[in-house]
Every structure is written in C-alpha cells, then in structure tokens.
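Before any comments, here is the structure.
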Amino acid sequence: MVALHLEKVTKIYRKGENEVRALDGVDLDIEAGEFLAIVGPSGSGKTTLLNILGCLDSPTEGRMIYDGRELRSLGEKGLSAYRRERISFVFQSYNLIPVLTVRENVELPLLIERKLSNGDVRSRSEEMIAAVGLAGKEGRYPRELSGGQEQRVAIARALVKRPLVVLADEPTANLDSHTAEEIVEIMRGINAERGTTFVFSTHDRLVMEHARRIVTIRDGKLTGDERK
C-alpha cells in the first residue's frame with residue numbers, strides 16, 4: 001500500500017534574478033512499512049525533499065498524496081494539523097526539552113493533541129519508552145542521559161502518536177559508531193515489529209547498510225532507486 005506519493009514535485013528558490021531548482025520533477029512512491037534512505041551529496045536536494053515529505057515546506061509545483069489524501073486541498077491550517085497528527089521527526093540534535101523528564105518529553109505530542117485520557121497518555125508513553133530500551137529511566141532529565149539515550153527518547157517521542165511516517169534527518173550524525181549502530185538497530189526493530197515507516201536523509205554508510213531501499217538524489221533529480 002502506497003502511503004506517500006509525490007508526483008512531478010518541483011521546488012524553486014529565487015535569489016534576485018536567479019532561479020535554483022532544489023527539486024526538479026520528483027516522482028516518488030513510499031509504501032507503508034518501508035525503511036528507506038535518501039542519499040546524495042551536499043546540495044543534492046535531499047534535505048529539501050525530506051522537508052517536502054514532512055510538510056515543513058510546500059512544493060512550487062506537483063502533487064502530494066498521503067494516505068489517499070491530496071494535501072494541497074487541506075489549506076495551511078489543515079496541513080499544519082495533518083503534519084502534527086500524522087508525521088513525526090527525528091533530528092541529529094535530539095531537540096528534547098531540558099526541563100522535562102523522559103516521560104514528559106515523550107508524552108508531549110499526545111498532550112498537545114488532547115485526544116487521549118491522562119491514563120492512556122501515560123500508558124502509551126511508557127510503552128514507547130520501554131520499546132527503545134529506557135524502562136526505569138522515565139524520571140530522568142536529558143542532562144542525565146548520554147547522547148544515545150537522548151536520541152532514544154527522541155525516537156520514542158516520534159513514535160508515541162503512531163504516525164504515518166517517521167522522517168529522520170541525519171539521526172546518527174552526533175553519535176559514535178557503536179551508539180549509532182544501536183540506534184539504527186532500534187529503529188529497524190521497531191520497523192519490523194510495528195510496521196512503522198521510516199525515511200532517512202543521511203550520509204551515514206551504516207544507515208545505508210541497514211536500509212531496505214536507497215533512493216539517490218543529485219541536482220534535484222532522483223538518479224537511483226535500489227531495493228534490497
């Protein structure tokens with residue numbers, strides 16, 4: 001089943017009289033449950049593509065259909081709500097709130113949505129904290145955690161609302177090789193056990209080795225699509 005569909009997506013940035021095509025007619029289907037890496041040299045357009053996939057930026061041209069829904073029909077307010085409810089992000093800088101505990105950081109997306117009871121919020125957050133191997137550390141603060149543990153919290157926070165897709169922008173960039181291996185294994189395990197769709201933007205060979213599909217981008221165009 002196709003979860004995310006991009007059709008002839010183009011992103012143009014204008015600087016004075018100059019025009020930069022960061023994306024140039026990209027066609028891409030991402031199926032539910034994929035573990036996919038977007039790779040390419042610096043300036044290739046992979047970060048722009050990830051931002052488009054995450055609805056953080058809008059294409060200049062083209063169509064985006066997610067879970068059978070044409071996103072341009074939602075309008076700005078509807079698109080913001082869709083992103084908040086259906087798309088999660090994991091960044092290299094973790095982006096945890098330092099004054100909140102592990103549990104409070106993970107609960108935050110659910111508290112913002114206000115759709116679950118307090119008991120359900122607590123149980124779902126504890127389920128995801130355990131899933132990333134941090135059971136027993138719910139009351140710790142980010143300053144009391146290692147970098148790898150902070151990234152585990154960020155993954156749990158991304159997963160707690162059960163999104164359509166998790167977009168990960170260089171999630172191993174700030175980690176040593178051993179910790180990076182652990183983090184990728186956690187995400188691969190969650191992908192296998194829960195069917196969560198993961199899309200990475202990365203330079204990391206480790207992530208590429210674990211990915212089941214590698215999409216290559218260069219000069220704003222898709223130049224390769226390899227399935228393992």
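Derivation of every value follows stated rules applied to the coordinates shown; laboratory data play no part. Bear in mind the structure is a predicted one, so any value in this text is a computation, not a measurement. Here Cβ is always computed from backbone atoms with ideal geometry, including for glycine, and neighbour counts include all displayed protein chains.
Calculated mean residue ellipticity at 222 nm for the chain: -11500 deg cm²/dmol, from DSSP H runs with n ≥ 4 weighted as -39500 (n - 2.57), summed, divided by the residue count and rounded to 500.
For ARG122, the shell of other residues with beta-carbons less than 9 Å away shows a net charge of -1, using +1 for Lys and Arg and -1 for Asp and Glu. Note on the stretch 153-228: Kirkwood radius taken over Cα pairs, Stokes-Einstein applied at 25 °C and 0.890 mPa s, translational D equal to 185 µm² s⁻¹. Does anything in the stretch 5-28 have its amide N under 20 Å from the 7 Å Cα→Cβ label point of SER42, and if so which residues? Once the point is set 7 Å along Cα→Cβ of SER42, 20-23 turn out to lie under 20 Å by backbone N, inside the stretch 5-28. Considering only alpha-carbon pairs that sit under 8 angstrom and 6 or more positions apart, the relative contact order computed for the chain is 29 percent. Our estimate of slack between LYS8 and ARG227, defined as 0.36 nm per intervening residue step minus the Cα-Cα distance, is 76.7 nm. With a threshold of 30 Å on the Cα-Cα distance, the over-threshold entries among LYS11/LYS115; LYS115/LYS221; LYS15/LYS221 are LYS11/LYS115; LYS115/LYS221. If the segment from TYR141 to HIS203 were pulled out straight at 0.36 nm per residue, it would be longer than the present Cα-Cα gap by 19.3 nm.
Viscosity 1.306 mPa s, temperature 10 °C: what is the translational diffusion coefficient of the stretch 1-88 from Stokes-Einstein with a Kirkwood Rh over Cα pairs, rounded to a whole number of µm²/s? Estimated via Stokes-Einstein, D reaches 116 µm²/s. Each of ARG213 and ASP57 was given a label point 7 Å from its Cα along the Cα-to-Cβ line. The distance between the two points is 2.2 nm. In the stretch 2-227, taking the dipole from charged Cβ atoms about the Cα centre, the farthest positive-side position among PRO59, HIS203, VAL166 is held by PRO59.
From the P(r) of the stretch 21-151, can you give the percent of Cα pairs sitting at distances over 26 Å? Across the stretch 21-151, Cα pairs with separations above 26 Å total 38 percent. Placing unit charges on the Cβ atoms only, positive for Lys and Arg and negative for Asp and Glu, gives the stretch 72-148 a dipole magnitude near 260 debye about its Cα centre. Given a Förster radius of 30 Å and the C-beta distance between GLU31 and ARG122 as r, what FRET efficiency does 1/(1 + (r/R0)^6) yield to the nearest 0.05? According to the calculation, E is roughly 0.35. Loop-located GluC sites (Glu not before Pro) in the stretch 1-65 (DSSP state other than H, G, I, E, B) with a sparse environment of at most 13 neighbouring Cβ atoms within 10 Å: GLU17.
Annotation: peptides 123-134, 173-184, ranked by per-residue average of other Cβ atoms within 10 Å with the highest first, follow the order 123-134, 173-184. Our analysis of the chain gives Rg over Rh at 0.97, with the two radii drawn from alpha carbon positions and Rh computed by the Kirkwood formula.
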